[in-house]
């Protein structure tokens, strides 16, 4: 077996990447569904119905895309510079913690100031959390994958302590949760009688912002250059370490955004189930989008449909809803495979 | 209790070695992969798959040792997947590894839920019992610490010795190390880099899965979703700490487990002065600190993370 680079890659081939990844992931999950004794076709219909079949279902799916967009952008920006930030989960909680600290009565500003203020604070917290592993990377050449992963566990235990200890809301009937954020810190709802909140608008603005940054600015150029080749960037006079640290602050900040928007838009208070692994799903979102910021919008929608749809599908077919996690993981591996096949052809001999 | 006194207590060290067992398997497994030049971030998920496989095998009437083998087999299969992606197709080892972790963890939760759909408390199996090796277990201190353990712990210790000997003294082991340092040289000797890396990743992944199986078949007797709880990531840190040397890895895991056992003792005695969450953070903090201490001294395999393509420079 031998890999040969393709001469010209057409747009059609590029467009096939997410499609073929989706198909591979569907096939694999069909096998599991058949094993579980249900019909894959029925499961597919139920999945679409559960995620897009009604006004409420659509609103739930869109609500789910919000944190996925932020975390997907966080991974997309960092991975572009070959900074492997796997700590979006921890950075998300860091953002939520700061927003809880500031937003539950410590400061009260009019909403048009309060919301941007909380987002800025959350971004700062997320960015600073990633700064540690990044400095360890640039100074000591420590693999940031391991350090960011380990930090996730530390941050989650810290939040665990906060919501069981000092921040525990005495009004919450003994549930481990912090006090709710004050009204001026709450993101309003877009649609009445749904949970869809204005975080979606912020996420879309952030997406275009990141796209603009990566595509049209020197910073974005430097991030991409460092990711392509550190050696070439060095010869071109790009300060590599500074670019990596800047990337880390942006990436961590975006993950921090996710925490603030979930806190102020969806939950209203800090709990341990604020994120069921959005930070990790963000990696899949970014890879499905080939690290393109605008693609993140589509791929986060795909993952949201998958997880919201699988929830209701699994209930009615009596299949474990871990099927959504399996589908997400398979689509990550499948997209890697398909991306390679756009660049190379396999020649068997 | 006096801390100094504790360090001379056989029970404390026996507990440390027991707690080190899954880490020994995981660290040695990761070490084999990395010595061949492949980072395997699938470890966390592969350990979860091992946990689940070993436990369900025994729960549905299988033999304990066959359960260990079944776990190893499943681990090797995930290893094969990782090898096809990273070695043969040359894809990103970071992203593939994370994908394998997500897949293996999700699949084991899914399969567990489908096999046992309506349970609230996890059912139990009869795990491995303590094995007292005749004569050897009567040696003072060492007898309690090393020779009165779960058979899987003894297997772990043997694995370290075998792997250390293999890597240092056998031609195959030298070829494996060479693959991680200079794959071109291996190829020029007429050996296949692809084959060596594939076998290394499969063997390493099998060991990781056995480490996971220890959790459900020896340390505890039930399977919980999420019970690996970052042990895989800690193993990756321990490989760096050990500078890719199996004997140092053994030392590292035992020191690490001893710290862990120590913080548990301190936690029990100090009551609730410091919240328990901060004690639980300790292993992760130790790992990061260990990484920082060793980072300057450690000698990375030169070809780690570099995919090999035939005929390319």
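None of the figures in this text is laboratory data; all of them are computed from the coordinates on show. Fair warning: this is a prediction, and the values are worked out from it, not measured in the lab. Here the Cβ positions follow ideal geometry from the backbone for every residue, glycine too, while neighbour counts run over all protein chains shown.
For this structure, a couple of remarks:
- Taking the centroid of alpha carbons for each part, region A:97-117 and region B:32-53 are 43 Å apart.
- Förster-model FRET efficiency, 45 Å R0, residue A:56 and residue B:132, C-beta, rounded to 0.05: 0.10
- Residue order for B:53, A:63, B:121, fewest other beta carbons within 10 angstrom first, comes to B:121, A:63, B:53.
- Globularity index of region A:1-150, i.e. its alpha-carbon radius of gyration over 2.2 N^0.38 Å: 1.45
- Overall Cα dimensions of region A:225-349, principal axis frame, Å, largest first: 58, 53, 21
- In region B:226-294, the ratio of gyration radius to Kirkwood radius, Rg to Rh, stands at 1.01 when only Cα atoms are counted.
- Considering only A:247, A:134, A:217, the Gaussian network model of chain A with Cα springs below 10 Å gives its largest mean-square fluctuation to A:217.
- Computed log₁₀ I(q)/I(0) - Debye formula, equal Cα scatterers, no solvent, region A:66-317, q 0.15 Å⁻¹: -1.02
- Taking label points 7 Å from Cα along the Cα-to-Cβ direction, residue B:305 and residue A:8 give a separation of 3.6 nm.
- Taking a quarter of the surface of the Cα convex hull of region A:164-256 gives a mean projected area of 9.8 nm².
- Geometric extent, Cα atoms of region A:71-118 - Rg, Dmax (angstrom): 14.1, 40
- Debye intensity ratio in log₁₀ form over the Cα atoms of region A:37-108, taken at each q of 0.12, 0.20, 0.25 Å⁻¹: -0.60, -0.90, -1.00
- Computed per residue of chain A from DSSP H runs no shorter than four, each worth -39500 (n - 2.57), the mean residue ellipticity at 222 nm is -24000 deg cm²/dmol.
- Exposure proxy shown here: for A:10, A:147, the number of other Cβ atoms within 10 Å sets the order, fewest to most, as A:10, A:147.
- Against the main long axis of the alpha-carbon atoms of chain B, helix B:43-59 sits at an angle near 60°.
- Divide the volume of the convex hull around the Cα atoms of the protein assembly as shown by the residue count and you get 175 Å³ per residue.
- Proxy reagent accessibility, fewest Cβ within 10 Å first, across A:69, A:135, B:274: B:274, A:135, A:69
- Taking one quarter of the surface of the convex hull spanned by the alpha-carbon atoms of chain B gives a direction-averaged projected area of 17.7 nm².
- Taking Cα atoms only, the orientation of helix B:171-181 departs from the longest principal axis of chain B by about 80 degrees.
- Cα long-axis angle, helix B:193-214 against chain B (0 to 90 degrees, to the nearest 10): 10 degrees
- Sequence-distant contacts, meaning Cα pairs under 8 Å at least 6 residues apart, place the relative contact order of region B:166-313 at 28 percent.
- Structural descriptor for region A:66-317: relative contact order 40 percent, calculated from alpha carbon pairs under 8 angstrom and at least 6 residues apart.
- Note on region B:64-166: the C-alpha convex hull projects to 10.1 nm² when averaged across all orientations.
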